[in-house]
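In what follows, a single structure is set out as structure tokens and then discussed.
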Amino acid sequence: MNNLSIDEAIDIAMRNTYMLAMGYDTYENIISGEYPMFIHDVDDNITQDDLEFLIEYFETTEEYEKCLDIKNKIDEV
């Protein structure tokens, strides 16, 4: 993992799951990239709990646009 810190690995996993959940990237593309990490179980679909966890994370990084995107995704279901 090229000497990533735990925080960096968590951030990448959060962002990869976000990109996949929002439809901005594909699983195949992410796993063929440099850091194929996710916060969700890749054998299952992304759950509402996963999405809510993403919101909590992006609130801590003050990325409120992402929080709104995720909230809108939850409301679609």
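Values in this text are rule-based calculations from the coordinates and carry no lab data. Given the structure is predicted, the values throughout are model-derived calculations rather than measurements. In this analysis, Cβ positions are derived from the backbone assuming ideal geometry, glycine residues included, and neighbour counts consider all displayed protein chains.
For the residue pair Asp7 and Asn72, what label-to-label distance in nm results when each label sits 7 Å from Cα along the Cα-to-beta-carbon direction?
Going by the 7 Å Cα→Cβ label model, 3.1 nm.
At 15 angstrom or more along the helix axis (alpha-carbon based) and mean Kyte-Doolittle of -1.0 or higher, what helices does the chain contain? Whole DSSP H runs only. Mind showing how you got there, number by number?
Details: long enough: 6-22 (24 Å, 0.46); 48-60 (19 Å, -0.41); 64-76 (18 Å, -1.17).
Result, helices passing both filters: 6-22, 48-60.
Connecting C-alpha atoms closer than 10 Å in a GNM of the chain, tell me which of Ile55, Ile31, Ile39 has the biggest fluctuation.
Ile31
Which of Thr26, Thr60, Thr47 moves the most in a Gaussian network model of the chain with Cα springs under 10 Å?
Ranking Thr26, Thr60, Thr47 by mean-square fluctuation puts Thr60 first.
Most exposed first by the Cβ proxy, i.e. fewest other Cβ within 10 Å, how do Met19, Met14 rank? All intermediate terms of the calculation are to be shown ahead of the outcome.
Working: Met19 16, Met14 21.
Least to most surrounded, the residues fall as Met19, Met14.
Quick check on the chain: take the gyration tensor over C-alpha atoms, sort the square-rooted eigenvalues as a ≥ b ≥ c, and tell me if it's rounded (a/c under 1.5), prolate or oblate. Kindly include the intermediate steps, with their values, before the conclusion.
Details: a/c = 1.96, a/b = 1.31, b/c = 1.50.
Taking the square roots of the gyration eigenvalues as a ≥ b ≥ c, the chain is oblate.
Say we join alpha carbon atoms closer than 10 Å with springs in a Gaussian network model of the chain; which of Asp41, Asp50, Asp11 then has the biggest fluctuation?
In the Gaussian network model the winner is Asp41.
Rounded to the nearest 20 debye, what is the charge dipole size of the chain about its Cα centre when +1 sits on each Lys and Arg Cβ and -1 on each Asp and Glu Cβ?
Numbers: 4 positive and 20 negative charges, 32 e Å.
That gives a dipole near 160 debye.
Are there GluC sites (Glu not before Pro) in the chain that DSSP marks as loop and that have at most 11 other Cβ atoms within 10 Å, and which are they? Please report the intermediate quantities before stating the final value.
Working: sites: Glu8, Glu28, Glu34, Glu52, Glu56, Glu59, Glu62, Glu63, Glu65, Glu76; in loops: Glu34, Glu62, Glu63.
Sites meeting the loop and neighbour criteria: Glu34, Glu62.
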